[in-house]
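**Student:** The structure follows.
The values are calculated or read from the model by the stated rules, or taken from the named source; none is laboratory data. A quick note: this is a predicted structure, and the numbers were derived from the prediction, not measured. Here the Cβ positions follow ideal geometry from the backbone for every residue, glycine too, while neighbour counts run over all protein chains shown. We work out accessible area using only protein heavy atoms, side chains counted, and drop any ligands, DNA or RNA first. Shrake-Rupley method; radii C 1.70, N 1.55, O 1.52, S 1.80 Å.
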Amino acid sequence: MADTEALAREFEQHRTRLTAVAYRMLGSLAEAEDVVQDAWLRFSTAGTERVDNIGAWLTTIVARLSLNALRARRRRHEEPLEVFVPDPVISSLDGIDPEQELLLADAVGIALDVILDTLQPAERLALVLHDMFDVPYDDIAPMLGRTAVATRQLASRARHRVRDVTPPQESDPGLSREVVTAFFSAAHGGDLNQLISLLDPDVVLRSQGGPRRPAATALVRGAAAVASRAMMFRRPEAQLVPVLINGGPGVVILTAGEPISVMSFTVADGRITEITALNDPDRLARLDLSQIGR
(Lines give C-alpha, C1' and ligand atoms only; values in the text may rest on other atoms or scores of the structure.)
Protein backbone atom coordinates (compact mmCIF):
# COMPACT_ATOMS: atom_id res chain seq x y z
CA MET A 1 0.00 0.00 0.00
CA ALA A 2 2.80 2.39 0.90
CA ASP A 3 4.47 1.76 -2.46
CA THR A 4 1.20 2.38 -4.30
CA GLU A 5 0.64 5.64 -2.43
CA ALA A 6 4.18 6.76 -3.24
CA LEU A 7 3.63 5.96 -6.92
CA ALA A 8 0.32 7.84 -6.87
CA ARG A 9 1.99 10.93 -5.40
CA GLU A 10 4.72 10.72 -8.01
CA PHE A 11 2.19 10.39 -10.81
CA GLU A 12 0.07 13.31 -9.58
CA GLN A 13 3.08 15.61 -9.90
CA HIS A 14 2.98 15.01 -13.64
CA ARG A 15 -0.76 14.65 -14.25
CA THR A 16 -1.45 18.18 -15.53
CA ARG A 17 1.37 18.05 -18.07
CA LEU A 18 0.33 14.57 -19.19
CA THR A 19 -3.28 15.69 -19.62
CA ALA A 20 -2.06 18.67 -21.64
CA VAL A 21 -0.06 16.41 -23.98
CA ALA A 22 -3.05 14.12 -24.53
CA TYR A 23 -5.46 17.04 -24.98
CA ARG A 24 -3.25 18.69 -27.61
CA MET A 25 -2.95 15.37 -29.40
CA LEU A 26 -6.64 14.49 -29.33
CA GLY A 27 -8.58 17.75 -28.93
CA SER A 28 -10.82 15.99 -26.42
CA LEU A 29 -10.64 16.41 -22.67
CA ALA A 30 -12.59 13.20 -22.08
CA GLU A 31 -10.25 11.16 -24.29
CA ALA A 32 -7.25 12.87 -22.71
CA GLU A 33 -8.42 11.83 -19.25
CA ASP A 34 -8.89 8.24 -20.47
CA VAL A 35 -5.36 8.20 -21.87
CA VAL A 36 -3.89 9.56 -18.64
CA GLN A 37 -5.80 6.97 -16.62
CA ASP A 38 -4.43 4.23 -18.87
CA ALA A 39 -0.94 5.66 -18.35
CA TRP A 40 -1.45 5.50 -14.59
CA LEU A 41 -2.43 1.83 -14.77
CA ARG A 42 0.72 1.07 -16.73
CA PHE A 43 2.85 3.19 -14.41
CA SER A 44 1.44 1.59 -11.26
CA THR A 45 2.27 -1.93 -12.45
CA ALA A 46 5.58 -1.34 -14.22
CA GLY A 47 8.97 -1.46 -12.63
CA THR A 48 10.47 2.03 -12.62
CA GLU A 49 13.67 1.35 -10.72
CA ARG A 50 15.81 1.85 -13.83
CA VAL A 51 13.93 4.91 -15.07
CA ASP A 52 16.09 8.03 -14.70
CA ASN A 53 13.46 10.60 -15.68
CA ILE A 54 9.94 9.64 -14.62
CA GLY A 55 8.36 12.71 -16.23
CA ALA A 56 9.91 12.02 -19.64
CA TRP A 57 9.01 8.33 -19.38
CA LEU A 58 5.38 9.13 -18.58
CA THR A 59 5.24 11.68 -21.40
CA THR A 60 6.40 8.97 -23.80
CA ILE A 61 3.69 6.59 -22.57
CA VAL A 62 0.97 9.22 -22.93
CA ALA A 63 2.23 10.28 -26.35
CA ARG A 64 2.20 6.68 -27.63
CA LEU A 65 -1.29 6.07 -26.25
CA SER A 66 -2.53 9.32 -27.79
CA LEU A 67 -0.96 8.41 -31.13
CA ASN A 68 -2.69 5.03 -31.06
CA ALA A 69 -6.02 6.67 -30.18
CA LEU A 70 -5.62 9.21 -32.98
CA ARG A 71 -4.82 6.50 -35.52
CA ALA A 72 -7.79 4.44 -34.36
CA ARG A 73 -10.02 7.50 -34.76
CA ARG A 74 -8.77 7.99 -38.31
CA ARG A 75 -9.46 4.35 -39.15
CA ARG A 76 -13.05 4.70 -37.92
CA HIS A 77 -13.53 7.66 -40.28
CA GLU A 78 -12.29 6.91 -43.79
CA GLU A 79 -12.69 10.61 -44.56
CA PRO A 80 -11.84 13.38 -42.06
CA LEU A 81 -14.87 14.84 -40.33
CA GLU A 82 -16.10 17.88 -42.25
CA VAL A 83 -16.75 19.73 -39.00
CA PHE A 84 -14.52 19.23 -36.00
CA VAL A 85 -14.93 21.25 -32.80
CA PRO A 86 -12.39 20.50 -30.06
CA ASP A 87 -13.37 20.42 -26.41
CA PRO A 88 -13.01 23.98 -25.13
CA VAL A 89 -11.07 24.97 -22.01
CA ILE A 90 -13.32 27.60 -20.42
CA SER A 91 -12.11 30.32 -18.05
CA SER A 92 -13.68 33.41 -16.55
CA LEU A 93 -12.72 36.84 -17.86
CA ASP A 94 -10.57 37.24 -14.74
CA GLY A 95 -7.98 35.06 -16.44
CA ILE A 96 -6.67 31.54 -16.87
CA ASP A 97 -5.65 29.69 -13.75
CA PRO A 98 -2.16 28.08 -13.57
CA GLU A 99 -3.45 24.57 -14.22
CA GLN A 100 -5.28 25.71 -17.34
CA GLU A 101 -2.17 27.53 -18.53
CA LEU A 102 -0.29 24.23 -18.46
CA LEU A 103 -3.17 22.49 -20.18
CA LEU A 104 -3.23 25.03 -23.01
CA ALA A 105 0.56 24.87 -23.53
CA ASP A 106 0.84 28.60 -24.36
CA ALA A 107 -1.60 28.33 -27.29
CA VAL A 108 -4.24 31.07 -27.55
CA GLY A 109 -7.62 30.46 -29.14
CA ILE A 110 -9.28 27.28 -30.29
CA ALA A 111 -8.47 27.81 -33.99
CA LEU A 112 -5.12 26.04 -33.55
CA ASP A 113 -6.83 22.87 -32.29
CA VAL A 114 -9.04 22.83 -35.39
CA ILE A 115 -5.94 23.07 -37.60
CA LEU A 116 -4.06 20.40 -35.66
CA ASP A 117 -6.87 17.97 -36.44
CA THR A 118 -6.08 18.28 -40.16
CA LEU A 119 -2.56 16.91 -39.65
CA GLN A 120 -1.62 13.27 -39.99
CA PRO A 121 -1.15 11.56 -36.58
CA ALA A 122 2.64 11.36 -36.89
CA GLU A 123 2.85 15.02 -37.94
CA ARG A 124 0.72 16.07 -35.02
CA LEU A 125 2.80 14.11 -32.54
CA ALA A 126 6.09 15.54 -33.78
CA LEU A 127 4.81 19.12 -33.81
CA VAL A 128 2.94 19.00 -30.50
CA LEU A 129 5.69 17.30 -28.50
CA HIS A 130 8.54 19.41 -29.86
CA ASP A 131 6.97 22.86 -30.26
CA MET A 132 4.59 22.85 -27.31
CA PHE A 133 6.32 20.61 -24.78
CA ASP A 134 10.01 20.95 -25.70
CA VAL A 135 10.55 17.21 -26.21
CA PRO A 136 13.79 16.63 -28.21
CA TYR A 137 13.54 15.03 -31.63
CA ASP A 138 15.82 12.24 -30.43
CA ASP A 139 13.13 11.28 -27.91
CA ILE A 140 10.23 11.62 -30.35
CA ALA A 141 11.82 9.59 -33.14
CA PRO A 142 11.50 6.14 -31.46
CA MET A 143 7.77 6.74 -30.91
CA LEU A 144 7.33 7.08 -34.67
CA GLY A 145 9.89 4.51 -35.77
CA ARG A 146 11.88 7.20 -37.58
CA THR A 147 15.27 8.81 -37.31
CA ALA A 148 15.67 12.11 -35.49
CA VAL A 149 16.40 13.82 -38.83
CA ALA A 150 13.23 12.42 -40.39
CA THR A 151 11.23 13.44 -37.32
CA ARG A 152 12.59 16.98 -37.54
CA GLN A 153 11.55 17.14 -41.19
CA LEU A 154 8.11 15.80 -40.32
CA ALA A 155 7.62 18.49 -37.68
CA SER A 156 8.89 21.16 -40.05
CA ARG A 157 6.35 20.20 -42.72
CA ALA A 158 3.58 20.21 -40.13
CA ARG A 159 4.72 23.59 -38.81
CA HIS A 160 4.57 25.15 -42.26
CA ARG A 161 1.11 23.69 -42.88
CA VAL A 162 -0.14 25.14 -39.61
CA ARG A 163 1.37 28.55 -40.29
CA ASP A 164 -0.12 28.69 -43.78
CA VAL A 165 -3.69 28.30 -42.53
CA THR A 166 -3.58 29.83 -39.04
CA PRO A 167 -5.74 32.96 -39.09
CA PRO A 168 -4.30 36.21 -37.74
CA GLN A 169 -5.55 37.24 -34.31
CA GLU A 170 -6.25 40.60 -32.74
CA SER A 171 -3.53 41.40 -30.20
CA ASP A 172 -5.83 43.57 -28.05
CA PRO A 173 -8.14 41.33 -25.96
CA GLY A 174 -10.34 44.29 -25.11
CA LEU A 175 -11.01 45.08 -28.75
CA SER A 176 -11.77 41.43 -29.49
CA ARG A 177 -14.30 41.41 -26.66
CA GLU A 178 -15.94 44.62 -27.97
CA VAL A 179 -16.36 43.06 -31.41
CA VAL A 180 -17.91 39.89 -29.97
CA THR A 181 -20.26 41.94 -27.77
CA ALA A 182 -21.32 44.02 -30.78
CA PHE A 183 -21.92 40.79 -32.73
CA PHE A 184 -24.41 39.47 -30.17
CA SER A 185 -26.02 42.88 -29.78
CA ALA A 186 -26.63 43.05 -33.53
CA ALA A 187 -27.93 39.47 -33.58
CA HIS A 188 -30.32 40.15 -30.69
CA GLY A 189 -31.57 43.30 -32.40
CA GLY A 190 -32.03 41.54 -35.73
CA ASP A 191 -29.66 43.99 -37.48
CA LEU A 192 -28.39 41.89 -40.39
CA ASN A 193 -26.38 44.72 -41.97
CA GLN A 194 -24.58 45.42 -38.71
CA LEU A 195 -23.82 41.72 -38.32
CA ILE A 196 -22.30 41.55 -41.78
CA SER A 197 -20.16 44.60 -41.06
CA LEU A 198 -18.65 42.86 -38.04
CA LEU A 199 -17.72 39.75 -40.03
CA ASP A 200 -14.77 39.27 -42.33
CA PRO A 201 -16.01 38.61 -45.90
CA ASP A 202 -14.39 35.16 -45.74
CA VAL A 203 -15.50 34.32 -42.20
CA VAL A 204 -15.91 30.62 -41.38
CA LEU A 205 -18.42 29.18 -38.89
CA ARG A 206 -17.86 25.62 -37.62
CA SER A 207 -20.72 24.23 -35.59
CA GLN A 208 -21.00 20.71 -34.20
CA GLY A 209 -24.30 19.42 -32.78
CA GLY A 210 -23.49 15.74 -32.33
CA PRO A 211 -25.84 12.79 -32.86
CA ARG A 212 -28.71 14.38 -30.92
CA ARG A 213 -28.61 17.72 -32.74
CA PRO A 214 -27.52 16.93 -36.31
CA ALA A 215 -29.18 20.09 -37.64
CA ALA A 216 -26.76 22.12 -35.51
CA THR A 217 -23.75 20.67 -37.35
CA ALA A 218 -22.67 22.97 -40.14
CA LEU A 219 -19.72 24.47 -41.96
CA VAL A 220 -20.73 27.93 -43.16
CA ARG A 221 -18.56 30.36 -45.14
CA GLY A 222 -19.03 34.01 -46.01
CA ALA A 223 -20.30 37.02 -44.09
CA ALA A 224 -23.86 36.99 -45.41
CA ALA A 225 -24.40 33.27 -44.76
CA VAL A 226 -22.88 33.39 -41.27
CA ALA A 227 -24.85 36.54 -40.38
CA SER A 228 -28.11 34.88 -41.43
CA ARG A 229 -27.36 31.86 -39.26
CA ALA A 230 -26.45 34.14 -36.33
CA MET A 231 -29.96 35.54 -36.24
CA MET A 232 -30.94 32.47 -34.19
CA PHE A 233 -29.34 34.16 -31.18
CA ARG A 234 -32.35 36.46 -30.89
CA ARG A 235 -33.89 33.97 -28.40
CA PRO A 236 -34.92 36.20 -25.45
CA GLU A 237 -34.60 33.40 -22.88
CA ALA A 238 -30.91 32.82 -23.65
CA GLN A 239 -28.31 34.09 -21.19
CA LEU A 240 -24.93 35.04 -22.62
CA VAL A 241 -21.91 34.60 -20.35
CA PRO A 242 -18.69 36.13 -21.73
CA VAL A 243 -15.72 33.85 -21.08
CA LEU A 244 -12.25 32.99 -22.27
CA ILE A 245 -12.11 29.87 -24.41
CA ASN A 246 -8.63 28.42 -24.75
CA GLY A 247 -7.43 31.88 -23.80
CA GLY A 248 -9.38 33.66 -26.54
CA PRO A 249 -12.76 35.45 -26.63
CA GLY A 250 -15.85 33.32 -26.23
CA VAL A 251 -19.37 33.00 -24.88
CA VAL A 252 -21.31 30.32 -23.05
CA ILE A 253 -25.01 30.44 -23.94
CA LEU A 254 -27.33 29.21 -21.18
CA THR A 255 -31.03 28.42 -21.12
CA ALA A 256 -32.60 27.80 -17.73
CA GLY A 257 -29.08 27.71 -16.31
CA GLU A 258 -27.90 24.90 -18.61
CA PRO A 259 -25.45 25.34 -21.49
CA ILE A 260 -26.86 25.02 -25.00
CA SER A 261 -23.79 26.31 -26.84
CA VAL A 262 -20.18 27.31 -26.30
CA MET A 263 -18.80 29.66 -28.94
CA SER A 264 -15.27 30.88 -29.54
CA PHE A 265 -14.21 33.70 -31.84
CA THR A 266 -11.14 34.70 -33.77
CA VAL A 267 -10.94 38.46 -34.35
CA ALA A 268 -8.52 40.32 -36.60
CA ASP A 269 -8.52 43.97 -37.72
CA GLY A 270 -11.79 44.61 -35.94
CA ARG A 271 -13.71 41.80 -37.66
CA ILE A 272 -14.58 38.22 -36.79
CA THR A 273 -12.74 35.78 -39.04
CA GLU A 274 -13.70 32.45 -37.43
CA ILE A 275 -16.46 31.20 -35.14
CA THR A 276 -16.42 27.76 -33.55
CA ALA A 277 -19.58 26.54 -31.82
CA LEU A 278 -19.99 23.41 -29.73
CA ASN A 279 -23.71 22.54 -29.55
CA ASP A 280 -23.53 18.82 -28.77
CA PRO A 281 -25.66 18.29 -25.59
CA ASP A 282 -23.65 15.25 -24.49
CA ARG A 283 -20.29 17.01 -24.79
CA LEU A 284 -21.65 20.20 -23.24
CA ALA A 285 -22.83 18.23 -20.20
CA ARG A 286 -19.26 17.07 -19.56
CA LEU A 287 -17.71 20.56 -19.60
CA ASP A 288 -16.34 22.14 -16.45
CA LEU A 289 -18.20 25.45 -16.06
CA SER A 290 -17.33 25.92 -12.40
CA GLN A 291 -15.21 29.01 -13.07
CA ILE A 292 -17.91 31.07 -14.71
CA GLY A 293 -20.82 30.63 -12.29
CA ARG A 294 -24.34 29.77 -13.45
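**Student:** How high is the relative contact order of the chain, in percent, with contacts defined as C-alpha pairs under 8 Å that are six or more residues apart?
**Tutor:** Details: 459 pairs, mean separation 55.5, N = 294.
Normalised by residue count, the contact order of the chain is 19 percent.
**Student:** Where does the chain land on Rg/Rh, using Cα atoms and the Kirkwood Rh?
**Tutor:** Details: Rg = 20.3 Å, Rh = 20.3 Å.
Ratio of gyration radius to Kirkwood radius: 1.00.
**Student:** Let me ask something additional. Using only the alpha-carbon atoms of the range 100-217 as identical scatterers, what base-10 log of I(q)/I(0) does the Debye formula give at q = 0.10, 0.15, 0.18 Å⁻¹?
**Tutor:** Here log10 of I(q) over I(0) equals -0.48, -0.87, -1.05.
**Student:** Follow-up. With every protein chain kept in place and ligands, DNA and RNA left out, what is the accessible area per residue of the range 148-274? Probe 1.4 Å, answer in Å².
**Tutor:** 49 Å²
**Student:** So if I place +1 on the C-beta of Lys and Arg and -1 on the C-beta of Asp and Glu, and nothing else carries charge, what would the dipole magnitude of the range 92-207 be about its Cα centre? I want it in debye, nearest 20.
**Tutor:** That gives the range 92-207 a dipole magnitude of about 640 debye.
**Student:** Moving to a separate point now. Taking only the C-alpha atoms, wrap a convex hull around the range 216-294 and report its volume per residue in Å³ as a whole number.
**Tutor:** In the range 216-294, the Cα convex hull volume per residue is 104 Å³.
**Student:** Would you work out if the range 7-58 is rounded, prolate or oblate? Take a ≥ b ≥ c from the square roots of the eigenvalues of the alpha-carbon gyration tensor; rounded if a/c is under 1.5, else prolate when a/b is larger than b/c, oblate otherwise.
**Tutor:** On the way: a/c = 2.28, a/b = 1.89, b/c = 1.20.
Since a/c reaches 1.5 and a/b is larger than b/c, the shape of the range 7-58 is classed as prolate.
**Student:** How do the peptides 254-263, 57-66, 114-123 rank, highest first, by the average count of neighbouring beta carbon atoms within 10 Å per residue?
**Tutor:** Sorting 254-263, 57-66, 114-123 by mean packing, highest first, produces 57-66, 114-123, 254-263.
**Student:** Just want the answer: with Cβ charges of +1 for Lys and Arg and -1 for Asp and Glu, which residue in Gly222, Ser197, Thr181 is farthest toward the dipole's positive end in the range 140-294?
**Tutor:** Gly222
**Student:** Divide by every residue of the chain the summed helix terms, -39500 (n - 2.57) for each DSSP H run of at least 4, and state the resulting mean residue ellipticity at 222 nm, rounded to the nearest 500 deg cm²/dmol.
**Tutor:** My calculation for the chain gives -15000 deg cm²/dmol from helical runs alone.
**Student:** Net charge around Ala69, counting only other residues with Cβ within less than 15 Å of its Cβ (Lys, Arg = +1; Asp, Glu = -1)?
**Tutor:** Summing Lys/Arg as +1 and Asp/Glu as -1 gives +3.
**Student:** Shifting gears a bit: What's the long-distance tail for the range 129-172, i.e. % of Cα pairs beyond 15 Å?
**Tutor:** So the portion of pairs separated by more than 15 Å is 50 percent.
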